[in-house]
Amino acid sequence: RSPRSGAAGPMSQAGEAIVAAANERWLSRPGATLGGELQVPGDKSISHRALLLGAIADAPVVIRGLLEGEDCRATRRALAALGATFETSADGEIRTGGRGAGVLRSPDHPLDMGNSGTGMRLMCGLLAGLGVAAELTGDESLVKRPMERVAGPLRAMGADIRTRDGRPPLRIVGDRPLQGIDYAMPVASAQVKSAILLAGLFARGRTRVTQPALSRDHTERMLSTLGVPISFDEKEAVIEGPARLGGGLIDVPGDFSSAAFFIVAGLLAAPGGLLIRNVGINPTRVGLVDILQRMGGRIDIVAAREMGAEPVADIRVMRSDLQGIDVPEHLVAPAIDEFPVLFVAAAAAAGRTRVTGAEELRVTETDRIATMADALCAVGVDARPTPDGMIVNGGTIGGGAVTSAGDHRVAMAMAVAGLVAQGEIEIADTRNVATSFPGFLPLATRAGFRLEGSA
Ligand code: S3P
């Protein structure tokens with residue numbers, strides 16, 4: 001099998017992770033020409049779900065292409081502390097114990113979910129459903145993030161969940177049998193939907209979650225693959241509890257949200273084209289392609305195919321003259337993780353780009369409206385934050401020093417900005433890139449970035 005991450009090169013994926021973790025600041029230099037082809041690591045959302053569902057299946061689940069990022073490692077460690085077992089084969093495949101949900105037991109210490117909102121919210125739903133008592137905590141970013149959005153509906157199902165003013169640590173008090181629920185989510189959140197569905201697996205009766213807009217459906221697809229009767233569409237997901245999960249094979253596609261940095265990078269700096277292979281193109285995830293094409297980006301989706309329950313393709317991008325647009329609000333949810341790098345595309349584009357309806361960005365790993373507006377302004381871009389988005393008057397990006405504020409996607413987005421800046425961009429606090437994309441730096445360098453890290 002070809003390596004999951006990277007074009008042919010001497011460094012192993014583990015080696016890349018170590019290099020990325022050691023680099024706390026980056027220098028991104030202009031004047032690079034990108035080209036060739038590459039692969040990005042496995043999808044973070046799907047990897048979390050594969051670990052969580054694999055841990056509770058009645059027969060072994062084999063996971064291929066799992067993301068070895070810090071977020072997923074935290075989920076795996078937490079599951080191991082709860083009693084789940086995972087074996088890793090020589091070629092990196094993971095095989096879960098396959099002994100059912102009964103193996104999970106209350107742990108003797110708080111579970112550290114690291115930087116990961118997905119890990120914490122999905123784990124909360126699972127443990128509430130199983131009635132396993134536990135405390136969930138996380139790093140300085142995660143403990144500031146809102147958790148009532150999952151605790152509220154889980155309480156309505158019968159769970160007893162304590163928070164600190166709506167934020168972590170989350171304490172799940174065990175031994176509460178849950179009832180199915182009919183829940184209309186106020187925000188379109190796949191994390192909330194998934195937490196409720198995971199609880200609903202072990203609740204009595206029907207659980208139905210409806211969403212006001214499209215959110216990613218990886219949980220629904222994976223449950224179906226593992227033999228759980230579930231019906232779902234763009235509006236709702238319905239399961240009947242209690243349910244049991246069978247075993248099977250989960251092939252994790254490359255993460256579209258990691259590919260996004262190379263998609264924009266290629267539009268800015270790949271005159272001969274850049275090919276990104278084996279990327280998940282689930283329709284709930286690829287809003288960025290639509291937005292960038294509206295801006296004049298030359299992006300082709302080639303060799304679209306199915307990989308288990310998920311669609312994948314290769315993505316070819318060519319340097320393009322981008323034009324600012326008003327981003328249609330229906331494309332915000334399917335592009336929600338891509339706004340840091342989309343703001344960079346807007347800064348490089350001619351004219352004005354306006355984003356509205358994206359207030360969810362205020363409660364991600366950082367307040368991404370504020371963090372990105374600060375970073376872009378620091379390199380001379382006219383970027384004006386608004387309560388629910390940003391107005392960017394694009395054209396030129398200067399050089400300067402910025403901080404990612406510990407946000408992995410801000411760090412990578414600003415590295416992309418450096419490709420077409422007028423001077424060097426120095427990016428501080430890049431260590432958290434390892435949460436989602438260990439190996440970004442060497443992979444970007446091989447694609448042609450002039451990017452250096454230092455401690
Ligand atoms: C995710 C869902 C999204 C996304 C996050 C991953 C998931 O969050 O921003 O990075 O894996 O379910 P919300 O569900 O809160 O919108």
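The values are calculated or read from the model by the stated rules, or taken from the named source; none is laboratory data. These figures come from a predicted structure and were not determined experimentally. Counting neighbours? That spans all protein chains shown, and the Cβs are built from the backbone with ideal geometry, glycine included.
Give the residues of the range 288-317 that are under 19 Å from Gly42 (Cα atoms) and small (Gly, Ala, Ser), sorted by residue number.
Ala303, Ala304, Gly308, Ala309, Ala313
Which one is nearest to the ligand (Cβ to nearest atom) among residues in the range 375-392 that are surrounded by fewer than 17 Cβ atoms within 10 Å (Cβ to Cβ) and of a type outside the set (Gly, Ala, Ser)?
Checked the range 375-392; the qualifying residue nearest to the ligand (Cβ to nearest atom) is Asp388.
Go over the candidates Leu268, Leu292, Leu288 one by one and state the one that is away from the ligand (no atom under 16 Å from the Cβ), under 19 Å from Val410 (Cα atoms) and either among the acidic types (Asp, Glu) or under 21 Å from the mean Cα position of the chain (by Cα) (or both).
Just one listed residue meets the conditions, Leu292.
Output the number of the condition that Gly248 fails; it satisfies all remaining conditions of (1) within 16 Å of the ligand (Cβ to nearest atom); (2) more than 24 Å from Phe437 (Cα to Cα).
(1)
What are the pairs with Cβ atoms under 6 angstrom where one residue, in the range 191-203, is β-branched (Val, Ile, Thr) and the other, located anywhere, is in a loop (DSSP other than H, G, I, E, B)? Sequence gap at least six, or different chains.
Sorted first by the residue in the range 191-203, then by its partner, the pairs are Val192/Met185.
So how many residues does the range 21-72 have that are of a type in the set (Val, Ile, Thr) and either at pLDDT below 95 or within 17 Å of His408 (Cβ to Cβ) (or both)?
1
List the number of the failed condition for Pro146; all other conditions in (1) within 16 Å of the ligand (Cβ to nearest atom); (2) surrounded by fewer than 19 Cβ atoms within 10 Å (Cβ to Cβ); (3) assigned to a helix (DSSP H, G or I) hold.
All conditions are met except number (3).
Mind checking which strands (runs of 3 or more DSSP E) fall wholly inside the range 159-205 and carry at least 3 residues that are surrounded by fewer than 21 Cβ atoms within 10 Å (Cβ to Cβ) and in contact with a strand residue (DSSP E or B) (Cβ under 8 Å, 6 or more places away or on another chain)?
160-164, 167-173
Taking the condition of being among the hydrophobic types (A, V, I, L, M, F, W, C), within 15 Å of the ligand (Cβ to nearest atom) and in contact with a Ser or Thr (Cβ under 8 Å, 6 or more places away or on another chain), how many residues in the range 171-192 meet it?
3
Which residue out of Val410, Val363, Val392, Val402 is out of contact with any His (no Cβ under 7 Å at 6 or more places or on another chain), of a type in the set (A, V, I, L, M, F, W, C) and farther than 23 Å from Lys144 by Cα?
Val392
Quick one: in the range 206-219, of everything that is among the hydroxyl-bearing types (Ser, Thr, Tyr) and outside any loop (DSSP other than H, G, I, E, B), which residue is farthest from the ligand (Cβ to nearest atom)?
Of everything passing the filter in the range 206-219, Thr207 is farthest from the ligand (Cβ to nearest atom).
Output the number of the condition that Ser224 fails; it satisfies all remaining conditions of (1) more than 15 Å from the ligand (Cβ to nearest atom); (2) touching a Leu at 6+ places or on another chain (Cβ under 8 Å).
Ser224 satisfies all of (1) more than 15 Å from the ligand (Cβ to nearest atom); (2) touching a Leu at 6+ places or on another chain (Cβ under 8 Å) except (2).
Does the range 87-105 hold any residues that are farther than 11 Å from Leu52 by Cα and not in a loop (DSSP other than H, G, I, E, B), and which are they?
Correct list: Glu87, Thr88, Ile94, Arg95, Gly102, Val103.
Could you check the range 368-445 for helices (runs of 4 or more DSSP H) lying wholly inside it with 3 or more residues that are under 11 Å from Ala347 (Cβ atoms)?
Ranges flagged: 368-378, 408-417.
Among the residues of the range 356-367, which ones are away from the ligand (no atom under 11 Å from the Cβ) and either outside any loop (DSSP other than H, G, I, E, B) or of a type in the set (Asp, Glu) (or both)?
Glu359, Arg362, Asp367
Scan the range 367-403 residue by residue and report those that are small (Gly, Ala, Ser) and farther than 17 Å from Trp26 by Cα.
Ala370, Ala373, Gly380, Ala383, Gly389, Gly394, Gly395, listed by residue number.
State all residues of the range 261-283 that are in a loop (DSSP other than H, G, I, E, B) and closer than 26 Å to Ala333 by Cα; if no residue qualifies, say none.
If the condition is that a residue be in a loop (DSSP other than H, G, I, E, B) and closer than 26 Å to Ala333 by Cα, then Ile281, Asn282, Pro283 are the ones that fit.
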